[in-house]
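Take a look at the structure set out below.
The values are calculated or read from the model by the stated rules, or taken from the named source; none is laboratory data. Because the structure is predicted, anything quoted here is derived from the model rather than measured. All Cβ positions, glycine included, derive from the backbone under ideal geometry; neighbour counts span all protein chains shown.
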Number of protein chains: 2
Amino acid sequence: MTEKNLQIVLASRPAAWVEAENFRLVESDIPEPKEGELLVRNHYLSLDPYMRGRMNDTKSYAQPVVIGAVMVGGTVGEVVKSCHPKFQAGDKVVGQLGWQLYGISDGSLLQKVDAGKVPLSAYLGVLGMPGVTAWIGLLDICTPKAGETVVVTAASGAVGSVVGQLAKIHGYRAVGIAGGAEKCRYVVEELGFDACIDYKAGKLWADLKAATPDGIDCLFENVGGEIFDTLLGRMNPFSRIAVCGLISQYNSAPYPMKNIGSVLVNRIKMQGFIVSEHLPRWPVALAELAGHVGSGRIKYRESVAQGLAQAPAAFIGMLKGQNFGKQVVKLV
Amino acid sequence: MTEKNLQIVLASRPAAWVEAENFRLVESDIPEPKEGELLVRNHYLSLDPYMRGRMNDTKSYAQPVVIGAVMVGGTVGEVVKSCHPKFQAGDKVVGQLGWQLYGISDGSLLQKVDAGKVPLSAYLGVLGMPGVTAWIGLLDICTPKAGETVVVTAASGAVGSVVGQLAKIHGYRAVGIAGGAEKCRYVVEELGFDACIDYKAGKLWADLKAATPDGIDCLFENVGGEIFDTLLGRMNPFSRIAVCGLISQYNSAPYPMKNIGSVLVNRIKMQGFIVSEHLPRWPVALAELAGHVGSGRIKYRESVAQGLAQAPAAFIGMLKGQNFGKQVVKLV
């Protein structure tokens, strides 16, 4: 155990793109758990696009992070001291302890996990929030039928990679959109998608038509902006769109969408969703995902930043698509 | 019975706004019904925004009208000659016989109606396709809960006027958007909406905030464009949008929408729908609507053009919002 805790707090709110100076690394004493609490040493911090929204002081589905407060974030680690009847030192736990080495919990949002089956970091990705997001968005919101075409944006990312692999397992055609030839190769050759479109290649519409000869029945949308607008023009009658993220818009003025008329013409169902509001589905989703990960049918990939001090740079890189797979920060 | 049939055919496809020369009035012989068919003398022709889409040669939910063919449209009239076992001369019938004085039907899309209870033209409006559209969009798609706020665009129109009145009957707050002070007065004072916003007054956002102090739970969208984009910014968490029409976009380039992010932030369910694809709900809807019209709880208003030759001008005026209530053409 180090002598001090390290934390990254929100120093200022970004005007557009997040900058390193929006964060501040601070040192503090390691907190002492009170009765009913426990102290966790975090091993991995998860970096996720939703955190960008928490940096704004605007109305959204969650409270903004207060200036000077520790950044919110999912973590997985080990209990080092427990005054809680249900946890003991040595337990591996996943929770929401934020961008810091040590955190106190009352146990209410903490889950014990099995470190023997998969690496701890997997509980922040394929067997955590991103994996469940993929499962709920695809199977509960998009509700494809056998043989239908599923398109997912940010296809090599933590969520998108699971969407496409689940789609294949369930018998759908899986088409990814990703930035760059390397990510697209990974999506098709490693993850088994039927096709992947490199949106940086500059011929999105032509590539999209070639990759979706029967149109799009289900769109799992993570990106927004011009890509989303283009995809809207390829939707089939009675198709469904799960709006999970709009990462292209988090740092800039919204892209002016021209193809909303497709919602009417094609009688599309479009639904925004937040995975934390579908808690009753988590156990079902995690059980299926664990089975597929255990059997090797679902693969995953991580970008691992080393040390808490690297979290801001890794986060900024992720918002620009520089990560490749689930972005985590190793804290031990 | 006149000696000749009169028809309006599609002469050319509009480039943007519909022009009178896109139509042509032609005279032809009155057709003779064959065995299993019947001849109807139309009394009223319905003019509806969806017809604009049929004039285009683009992929949509319905086939375009062929150049030279009679324009499609709902009609109500009287059987003048029947070779069909289920109909006889004198029967009043509602159907889809198009922009013409006489039409032949095989009976399959024809419904007998009771001319004794309401004027025949009502079967083209409040007790026809527009009324059922309002009912399905509000109650099946938007699914409001008691006390919630329903906003409807084109509120004084054939569909919008029924949406707001149904909303009040079912215990929701009803807010209309309409063009001009006179339409807004009608919507509030005659139809009983809680509020109406005149979008032509030039302060839509301020007026919207005042009229929806608790935000919008259900949006019944008929108009699209800048108004729709503004309304998106006022939607509540878990709100619903029924996309019924986008009349502002039917004649011009699509308005660039900036507020699609609200779908994610507010976990909105948005759904486009076409009333003819919800046939099993029509009897339920019509039964309820007939009850409310009979008891006077639902009122309606018509713009009546006189004679088939006036149909093109009336249609063009409706696309510009010049009608006031359901637009029909009187053919007798």
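So which residues in region B:106-119 are on the phi < 0 side of the Ramachandran plot and surrounded by fewer than 22 Cβ atoms within 10 Å (Cβ to Cβ), if there are any at all?
B:Asp106, B:Ser108, B:Leu109, B:Gln111, B:Lys112, B:Val113, B:Asp114, B:Ala115, B:Gly116, B:Lys117, B:Val118, B:Pro119
How about region A:243-255: which of its residues are touching a residue at least 12 places away in the same chain (Cβ under 8 Å), more than 7 Å from every other protein chain (Cβ to nearest Cβ) and of a type in the set (A, V, I, L, M, F, W, C)?
Of everything in region A:243-255, those that are touching a residue at least 12 places away in the same chain (Cβ under 8 Å), more than 7 Å from every other protein chain (Cβ to nearest Cβ) and of a type in the set (A, V, I, L, M, F, W, C) turn out to be A:Cys244, A:Ile247.
Per-residue answers, yes or no, for (1) within 28 Å of A:Gly261 (Cβ to Cβ); (2) aromatic (Phe, Trp, Tyr); (3) without any contact (Cβ under 8 Å) to a residue 12 or more places away in the chain:
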residue: B:Leu10; (1), (2), (3): yes, no, no
residue: B:Glu21; (1), (2), (3): yes, no, yes
residue: B:Arg24; (1), (2), (3): no, no, no
residue: B:Arg54; (1), (2), (3): yes, no, no
residue: B:Tyr61; (1), (2), (3): yes, yes, no
residue: B:Ala69; (1), (2), (3): yes, no, no
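If you scan region A:210-222, which residues turn out to be part of a loop (DSSP other than H, G, I, E, B) and either within 11 Å of chain B (Cβ to nearest Cβ) or crowded, with 17+ Cβ neighbours inside 10 Å (or both)?
Those that are part of a loop (DSSP other than H, G, I, E, B) and either within 11 Å of chain B (Cβ to nearest Cβ) or crowded, with 17+ Cβ neighbours inside 10 Å (or both): A:Thr212, A:Gly215, A:Asn222.
Does any residue in region A:82-101 that is among the hydroxyl-bearing types (Ser, Thr, Tyr) come within less than 6 Å, Cβ to Cβ, of a residue that is not in a loop (DSSP other than H, G, I, E, B) six or more places away or on a different chain, and which pairs are these?
Close Cβ pairs (under 6 Å, with a partner that is not in a loop (DSSP other than H, G, I, E, B)) amount to A:Ser82/A:Leu38.
In region A:1-25, what count of residues is obtained for those that are farther than 14 Å from A:Val80 by Cα and surrounded by 14 or more Cβ atoms within 10 Å (Cβ to Cβ)?
13
Could you list, in sequence order, the residues of region B:99-118 that are closer than 25 Å to B:Ala309 by Cα and either touching a Leu at 6+ places or on another chain (Cβ under 7 Å) or not assigned by TED's automatic domain parsing to the domain that holds B:Leu25 (or both)?
Selection gives B:Trp99, B:Gln100, B:Leu101, B:Tyr102, B:Gly103, B:Ile104, B:Ser105.
Check region B:316-325 and report whether any residue there is over 26 Å from B:Leu124 (Cβ atoms) and in contact with a Phe, Trp or Tyr (Cβ under 8 Å, 6 or more places away or on another chain).
Checked against the condition, which is being over 26 Å from B:Leu124 (Cβ atoms) and in contact with a Phe, Trp or Tyr (Cβ under 8 Å, 6 or more places away or on another chain), region B:316-325 yields no hits at all.
Within the group B:Leu166, B:Leu139, which residue is assigned by TED's automatic domain parsing to the domain that holds B:Glu226, part of a helix (DSSP H, G or I) and more than 16 Å from the chain's Cα centre (by Cα)?
Result: B:Leu139 is the single residue among B:Leu166, B:Leu139 that is assigned by TED's automatic domain parsing to the domain that holds B:Glu226, part of a helix (DSSP H, G or I) and more than 16 Å from the chain's Cα centre (by Cα).
From the set of residues in region B:50-67 that are within 11 Å of chain A (Cβ to nearest Cβ) and farther than 14 Å from B:Pro14 by Cα, which is nearest to the chain's Cα centre (by Cα)?
Here the residue is B:Tyr50.
For B:Lys258, state whether it is within 11 Å of chain A (Cβ to nearest Cβ) and either closer than 24 Å to B:Gly321 by Cα or within 24 Å of the chain's Cα centre (by Cα) (or both).
No.
What is the residue count in region B:295-332 for residues that are on the phi > 0 side of the Ramachandran plot and either within 14 Å of the chain's Cα centre (by Cα) or crowded, with 20+ Cβ neighbours inside 10 Å (or both)?
Adding up the residues that qualify gives 2.
Residue check, B:Ser121 against (1) farther than 30 Å from B:Lys209 by Cβ; (2) part of a loop (DSSP other than H, G, I, E, B), all met but one. Which one?
For B:Ser121, the exception is condition (2).
Examine region A:68-84 for a residue that is within 14 Å of chain B (Cβ to nearest Cβ) and touching a Leu at 6+ places or on another chain (Cβ under 7 Å), and state whether such a residue exists.
Within region A:68-84, none of the residues are within 14 Å of chain B (Cβ to nearest Cβ) and touching a Leu at 6+ places or on another chain (Cβ under 7 Å).
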